[in-house]
Amino acid sequence: MMDEHEDPKFEAWLRKAAGSYHSPLPTPREELWKRIEAARRAKPVIALRPWMRWVVAAAAMLALGIGIGRWTVNQSAVRNGTVVATTDTAQDQASQAAQPDIAYQVAATQYLSRTEAFLTSFRADRGANHEANRARLASQARDLLTTTRLMLDSPAGDNQRMRALLEDLELVLVQISQLDAAHTGHDADLINQGMNQTNVLPKLRSAIPAGPVPVRTQGAL
Amino acid sequence: MDESQLIARVRAGDSAAERALYDAHVDRVYRLAFRLAGDDALAQDFTQETFIRAFDRLGSFRGEAAFSTWLHTITTTVVLNGLRKVKRFRQRETDIDDAREIGITHRHAEPDLKVRMRQAIEALPDGYRTVFLMHDVEGYTHEEIGAALGVETGTSKAQLSRARAKLRVALADFAGEWTT
């Protein structure tokens, strides 16, 4: 049965007339292939043997441990500096200079923690009333999306890794924000598949400092 | 040689097979990138990025869907993300231009179909525009669009229907051309 909105004459005319919109040029095959080859050659490709993977994993764990350790020490130093600053002018100035960076770190950590909690709850949303929850999730996604875009335009977005993560999160949040109660669970499955393919949650978790949120931001402000 | 054999050879590091796979799909990838971006330089950048990602991630292609479907998922992700960045950048420029042009009157009526069609398509919401261009202009099926955009087939159909309805209103001046 024909849909009430269908109009084969209009659709045929539209298809023909729209053909002129952004009408593609002939594909520059050779030029593009050269660019692709050059770009791929420029990327370092290391083929890891199985035993090398263990070495790399161990080195990564070690580096992560050192990184967390240094970060924790820096946080303690900043905390101590803020307390002593009430009596020391030089330290006071240094502390004031460090404030914007610390503020962005705190904002980033809190934002990442909220987003991780949100995406985790989104993935777990398979209960009996998950359809009813969809509107609430979409609304939360819109809130986080606003923060994500602010973060992208803030100094936090200057860090390349953080920027890549924020862009991945932006895409996922846009998709979730467009869900509504009328959609079936298949949409959510596709979003989950996309999240799995881009490893967005593992990347997000690795970007969040260890410990509960109050500990991560304690003493920074 | 069928495509699964070609993919196996690419995975084994055969550069001739890489080129053959590229040749088989580059036209459709470039055409879609061009239709969505409307700019040759951007379309080339997006096509290049699509194939680099595809070759890098070929190990994760499990063959559950057609290779072309998998490749077009990468294409739409690359193009839509890229266009969003361009749009954000251009929006900043436009805001400045708008401030300069306050008080200047523009003529909105445009008798030329090509120009009116471009304006009408560009006024569509991004999702409608993408589905319309993929389906009505580039000939993708709703199943291919759903897989590429990560939406249900029904969503693709609904968005196409709404896009056509909006275009019908926007192009009502030309109604004589489709009613006769």
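With 30 Å as the limit, the listed pairs A:Lys203/B:Lys157; A:Lys34/A:Lys203; B:Lys87/B:Lys114; A:Lys203/B:Lys166; A:Lys16/B:Lys157 have A:Lys203/B:Lys157; A:Lys34/A:Lys203; A:Lys203/B:Lys166 beyond it between alpha carbons. In this rough spin-label picture, where each label sits 7 Å from Cα along the Cβ direction, the B:Asp23-B:Arg88 distance is 4.0 nm. Axis angle, to the nearest 10 degrees, between helix B:153-170 and the longest C-alpha principal axis of chain B: 30 degrees. What range in chain B is the longest one free of GluC sites (Glu not before Pro) that are in a loop by DSSP and have at most 14 other Cβ atoms within 10 angstrom? For GluC sites (Glu not before Pro) (loop position, at most 14 other Cβ atoms within 10 Å), the longest site-free span of chain B is B:102-180. 3J(HN,Hα) along the range A:110-120, derived from phi through the Karplus expression 6.51 cos²θ - 1.76 cosθ + 1.60 where θ = phi - 60°, amounts to 5, 5, 5, 5, 4, 5, 4, 4, 5, 5, 5 Hz, with x in place of Gly and Pro. The C-alpha atoms of chain B define a longest principal axis, and helix B:113-122 lies at about 70 degrees to it. Treating the angle as unsigned and between 0 and 90°, give the value, to the nearest 10°, between the Cα long axis of helix B:40-57 and the longest Cα principal axis of chain B. The two axes meet at around 30 degrees. Can you give me the Cα centroid spacing of the range B:13-35 and the range A:143-164 in angstrom? Distance between centres, Cα-based: 33 Å.
The 3J(HN,Hα) values that the Karplus relation (6.51, -1.76, 1.60; θ = phi - 60°) gives for the range B:128-137 are, in residue order, 4, 4, 4, 5, 4, 5, 5, 7, 7, 9 Hz. Gly and Pro appear as x.
Bridging of B:Lys85 to lysines at a Cα separation below 21 Å is possible for none of them, once same-chain residues fewer than 8 apart are set aside.
Throughout, read-outs are computed from the coordinates displayed, never taken from laboratory work. As the structure is a computational prediction, the values presented were derived from the model and not from experiment. With ideal geometry, Cβ positions are generated from the backbone for all residues, glycine too; neighbour counts draw on all protein chains shown.
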